[in-house]
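The values are calculated or read from the model by the stated rules, or taken from the named source; none is laboratory data. All values derive from a computational prediction rather than experimental measurement. In this analysis, Cβ positions are derived from the backbone assuming ideal geometry, glycine residues included, and neighbour counts consider all displayed protein chains. All accessible areas refer to the heavy atoms of the entire protein, side chains included, with ligands and DNA or RNA removed. Shrake-Rupley method; radii C 1.70, N 1.55, O 1.52, S 1.80 Å.
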Amino acid sequence: MLFNRHKTALVTADQALPGRPAPAFTLAEPHTVLGHPLTGPYPPGLEVADFGLGCFWGAERTFWRLPGVWTTLVGYQGGHTPNPTYEEVCSGLTGHTEAVRVVFDPALISYETLLKTFWEAHDPTQGNRQGNDVGTQYRSAVYTHSPAQLATAQATRDAFQPALTRLGLGPVTTEIAPAGPFYPAEPYHQQYLSDAKNPGGYCGLGGTGASCPIGVAKTDG
């Protein structure tokens with residue numbers, strides 16, 4: 001396996017692996033739990049949100065359980081190498097983080113509610129790690145798809161910080177930026193913790209116990 005001695009330092013574009021013009025694998029469909037296609041185009045009216053919160057196995061499961069989420073898939077985002085493989089991302093030489101793409105119905109669940117779940121499901125103060133998982137691919141991130149999403153992500157971050165501070169934690173290190181290319185991960189990573197695949201599989205995801213004090217949209221029609 002490729003290895004970067006400085007896995008906790010992001011590589012620059014000129015240091016990154018070259019990648020490839022097309023994916024090295026074919027993505028399996030449909031979603032193991034929700035039964036919908038993983039990739040678009042998605043039905044009209046649905047929206048997309050992208051989050052990085054450590055190992056994407058547990059992160060994806062956290063979101064597919066939410067009412068109003070239509071499909072989820074895991075992949076690599078925020079880096080430089082086109083169409084990377086898992087081994088390349090783990091080397092620290094692509095610049096990507098492990099991300100989960102959440103496709104949701106805004107009439108049933110709000111983007112703000114997804115952000116509340118995101119902030120509370122992990123520790124966003126740890127930099128390039130999440131618990132025992134260390135490396136830039138485990139960094140906390142929100143990649144936004146509109147100016148409204150960007151503003152909401154920043155506002156919820158600022159609202160959450162006092163709760164973290166009261167627990168003795170440091171400043172939020174979450175990367176918040178407009179979404180760039182999202183490269184789906186290999187088929188075996190998709191819905192990895194589903195009952196059909198690995199119901200007892202590893203999940204290192206853990207929150208701080210702090211509550212993010214934001215409004216929650218109604219989901220009852």
query = Quick check: is even one residue across the stretch 164-173 on the phi > 0 side of the Ramachandran plot, in contact with a Lys or Arg (Cβ under 7 Å, 6 or more places away or on another chain) and among the small types (Gly, Ala, Ser)?
reply = no
message = For the stretch 50-62, give me each residue that is among the small types (Gly, Ala, Ser) and surrounded by fewer than 23 Cβ atoms within 10 Å (Cβ to Cβ).
response = 58
request  = Just need a number here: residues in the stretch 59-75 that are assigned to a strand (DSSP E or B), of a type in the set (Ser, Thr, Tyr) and out of contact with any Asp or Glu (no Cβ under 6 Å at 6 or more places or on another chain).
outcome  = 1
remark   = Of the residues in the stretch 125-151 that are farther than 24 Å from residue 55 by Cα and outside any loop (DSSP other than H, G, I, E, B), the one that is most open to solvent (accessible area, probe 1.4 Å) is 147
ask   = In the stretch 63-78, how many are open to solvent by less than 30 Å² (accessible area, probe 1.4 Å) and within 16 Å of the chain's Cα centre (by Cα)?
value = 10
query = Taking the stretch 152-194, which residues are β-branched (Val, Ile, Thr), touching a Phe, Trp or Tyr at 6+ places or on another chain (Cβ under 9 Å) and over 14 Å from residue 50 (Cα atoms)?
reply = 156, 172
task = Specify the residue that is farthest from residue 196 (Cα to Cα); the eligible residues are those in the stretch 32-58 that are β-branched (Val, Ile, Thr) and in contact with an Asp or Glu (Cβ under 9 Å, 6 or more places away or on another chain).
result = 39
ask   = How many of the residues in the stretch 86-116 are surrounded by fewer than 22 Cβ atoms within 10 Å (Cβ to Cβ) and in contact with a Cys (Cβ under 9 Å, 6 or more places away or on another chain)?
value = 1
query = Scanning for something in contact with a Phe, Trp or Tyr (Cβ under 6 Å, 6 or more places away or on another chain) and in a strand (DSSP E or B), does the stretch 76-90 turn up at least one residue?
reply = yes
